[in-house]
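Student: Next up is a structure, given as structure tokens.
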Amino acid sequence: MDQRTYNQYCATARTLDLVGERWTLLLVRELLTGPKRFGDLQKSLRGMGTGLLAARMKHLEREGLARKITLPPPARTPAYALTEAGEELGPAVLALARWGTKWAMGERRESETFHPGWAVLGMEAYFDAEAAGGVRAVYEFRVGDEVFHVRVDDGAIEALHGPAQHPDAVVEADEAAFAALAEGRSNLADAIEEGAFSVSGDRQALDRLPRLFRRPSAADRHPPAP
């Protein structure tokens, strides 16, 4: 597959030459939360054909953004992981997520899929480091058949797929309740209070949780004419 290029000696253009093709940044998004098997990527990116997925992964490998690995026991299966260069795309992807929440999301379209696992990166995008100063806690989220956890350590955050070893608090919800949270139709504090989310664990950690994440308020890209 021929690689298209902007033919511009510019850092932005060169970066878009590498990751600007359709689906490529979404693959980076998936791998930012840990290694994934080919089947995992297919499951998260429904609508992306097998051939195109294989081609995009070959592109990421060829350009030094991803590499093949073998998952540790008990899986011992082939997977993909980001390289150091790929990992450093993280802040750019998070910035796009924050921008998109404010300026692009709006209401969910009928044709749009929703995957609770995408919230793993969203937790980092909405994290309020200032509010998390002095907080040390591990939160495990169980949404449908998805499990992920967030480790908060004095203003820093790490969000990963899979269960936590020793969570301080556990939050459970079905996909519909979680989708409402993602769409901005509810907030975490209200969802817990109203029982849409069930919680267990350390009470102090749970009380702090809603303050640790701040979803940008939606704004209109087309302001009214003066």
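The values are calculated or read from the model by the stated rules, or taken from the named source; none is laboratory data. Predicted model only: the values in this text are computed from it and were never measured. All Cβ positions, glycine included, derive from the backbone under ideal geometry; neighbour counts span all protein chains shown. Each accessible area value is taken on the protein alone, full model and side chains, heavy atoms only, with ligands, DNA and RNA left out. Shrake-Rupley method; radii C 1.70, N 1.55, O 1.52, S 1.80 Å.
Student: I need the Kirkwood Rh of the stretch 82-211: take the reciprocal of the average 1/r across all distinct C-alpha pairs and report it in angstrom.
Tutor: Details: mean 1/r = 0.0646 Å⁻¹.
Hydrodynamic radius (Kirkwood, Cα pairs) of the stretch 82-211 is 15.5 Å.
Student: For the stretch 1-122, with equal point scatterers placed on the C-alpha atoms only and solvent neglected, what are the log10 I(q)/I(0) values from the Debye formula at q = 0.10, 0.11, 0.17, 0.21 1/Å, to two decimals?
Tutor: Evaluating at q = 0.10, 0.11, 0.17, 0.21 Å⁻¹ gives log10 I(q)/I(0) of -0.34, -0.41, -0.97, -1.39.
Student: Moving on. Quick check: with the 1.4 Å probe, what order do Trp99, Trp23, Trp118 take by accessible area, largest first?
Tutor: In descending accessible area the options line up as Trp99, Trp118, Trp23.
Student: Which semi-axis lengths, in whole Å and largest first, follow from the square roots of five times the eigenvalues of the Cα gyration tensor of the chain?
Tutor: After diagonalising the Cα gyration tensor, the semi-axes are 31, 23, 17 Å.
Student: Oh, and also: Find, to one decimal place in angstroms, the Kirkwood hydrodynamic radius of the stretch 36-90, where the mean of 1/r is taken over every pair of different Cα atoms and then inverted.
Tutor: 11.8
Student: Shifting gears a bit: For helix 50-62, report the angle its Cα long axis makes with the longest principal axis of the Cα atoms of the chain; keep it between 0 and 90° and round to the nearest 10°.
Tutor: Helix 50-62 and the main axis of the chain meet at about 80 degrees.
Student: Shifting gears a bit: At 1.4 Å probe size, put Tyr6, Tyr80 in order of accessible surface, largest to smallest.
Tutor: Tyr6, Tyr80
Student: Rg and Dmax in Å for the stretch 119-187, alpha carbons only: what are they?
Tutor: Over the stretch 119-187's Cα set, Rg and Dmax evaluate to 12.0, 33 Å.
Student: Let me know the shape class of the stretch 15-57, please: from the alpha-carbon gyration tensor, a ≥ b ≥ c as square roots of the eigenvalues, rounded when a/c is under 1.5, otherwise prolate if a/b is greater than b/c, or oblate.
Tutor: Note, shape of the stretch 15-57 comes out oblate.
Student: Which length gain, in nm to one decimal place, applies between Ala92 and Ala225 when the Cα-Cα distance is subtracted from 0.36 nm times their residue separation?
Tutor: 44.7 nm
Student: Can I ask one more? Taking R0 as 35 Å, what's the FRET efficiency between Arg109 and Leu53 from their Cβ-Cβ distance, rounded to 0.05?
Tutor: On the way: r = 23 Å, r/R0 = 0.66.
Step by step, r from the Cβ atoms, then E = 0.90.
Student: Would you please give the FRET efficiency between Glu61 and Ser200, computed as 1/(1 + (r/R0)^6) with r the Cβ-Cβ distance and R0 = 25 Å, to the nearest 0.05?
Tutor: 0.05
Student: Another question, then. Whole-Å semi-axes of the stretch 64-125's equivalent ellipsoid, largest first, each the root of 5 times a Cα gyration tensor eigenvalue? Don't jump to the answer; show the numbers that get you there.
Tutor: Details: eigenvalues 161, 57, 19 Å².
So the three semi-axes of the stretch 64-125 are 28, 17, 10 Å.
Student: Sticking with this structure for a sec: Fully extended, how many nm does the chain gain between Phe38 and Cys10 (0.36 nm per residue separation, minus their Cα-Cα distance)? Spell out each step's value before the answer.
Tutor: Working: separation 28, 0.36 × 28 = 10.08 nm, distance 3.28 nm.
Length gained between Phe38 and Cys10: 6.8 nm.
Student: Largest first, how would Val93, Val199 line up by accessible area (1.4 Å probe)?
Tutor: Val199, Val93
Student: Using label points projected 7 Å from each Cα along Cα→Cβ, tell me how many nm separate Thr83 and Ala129, to one decimal.
Tutor: With each label point 7 Å from Cα toward Cβ, the separation is 2.7 nm.
Student: For the Cα atoms of the chain, what angle does the longest principal axis make with the long axis of helix 90-103, in degrees from 0 to 90, nearest 10?
Tutor: Tilt of helix 90-103: around 70 degrees.
Student: Another question, then. Please build a GNM for the chain, connecting alpha carbons under 10 Å apart, and tell me which residue among Pro74, Pro35, Pro210 fluctuates the most.
Tutor: Pro74
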